[in-house]
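Taking it in order: structure first as structure tokens, then the write-up.
Bear in mind these aren't lab numbers, they're just calculated from the coordinates by the rules spelled out. On a predicted model such as this, the values are computed, not experimentally measured, just so you know. Glycine gets a Cβ as well: all are built from the backbone with ideal geometry, and neighbour counts include every protein chain shown.
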Amino acid sequence: MRTIEAALGLLIIVAALALALGAARLLAPVPPTGLGVTLALIGWGATVAADGMTGRALRKEDRAAAQSWRAVFYLLLALTLAASLPLVVDLLNLATVAGFPVGYYMAAQGLLILMAILAFRAATSLDALDRAAAPAHEDD
């Protein structure tokens with residue numbers, strides 16, 4: 001199942017590149033996408049692929065590879081958020097929360113909050129992989 005997830009991530013990346021280059025218009029009438037949407041799709045595809053590769057490594061019980069792919073997963077997720085969110089601020093500004101446009105709020109404060117949550121989640125997840133990979137020490 002994890003191989004399918006990794007392949008799906010690669011297909012999402014290819015689809016995003018096809019949308020960006022206009023090749024998708026040959027198959028269906030698709031409006032052109034902006035840079036923010038393209039980066040978001042590429043980042044999402046890479047994140048899904050990295051998560052699939054993490055699962056494959058865990059199934060094979062290769063803890064070192066699993067930890068590397070999990071770190072890549074969190075790095076790609078952070079880069080996707082940091083690169084694509086500011087580029088889609090205009091789209092997010094269509095909605096308002098407490099009188100402020102959502103795009104303004106996400107660019108000003110939301111991205112910082114998301115990055116802090118993501119950093120703590122990554123640290124917790126990678127620590128759990130470290131504990132699972134460490135041999136059990138027996139006290140004599």
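Quick check: net charge around L126, other residues with Cβ under 12 Å of its Cβ, Lys/Arg +1 and Asp/Glu -1? Every neighbour counted, the sum reads +2.
Around L75, under 15 Å between beta carbons, what's the net of Lys plus Arg minus Asp minus Glu among the other residues?
For residues surrounding L75, the net value is +1.
The Rg/Rh ratio of the range 2-133, with Rg taken over Cα atoms and Rh as the Kirkwood radius over Cα pairs, comes to 1.06. Scanning residues 5 or more positions from N93 or on other chains, those with amide H under 5 Å from its amide H are G103, with H placed 1.01 Å from N in the peptide plane. Put simply, when 70-77, 116-123, 81-88, 59-66 are sorted by average Cβ atoms within 10 angstrom per residue, most first, you get 70-77, 81-88, 59-66, 116-123.
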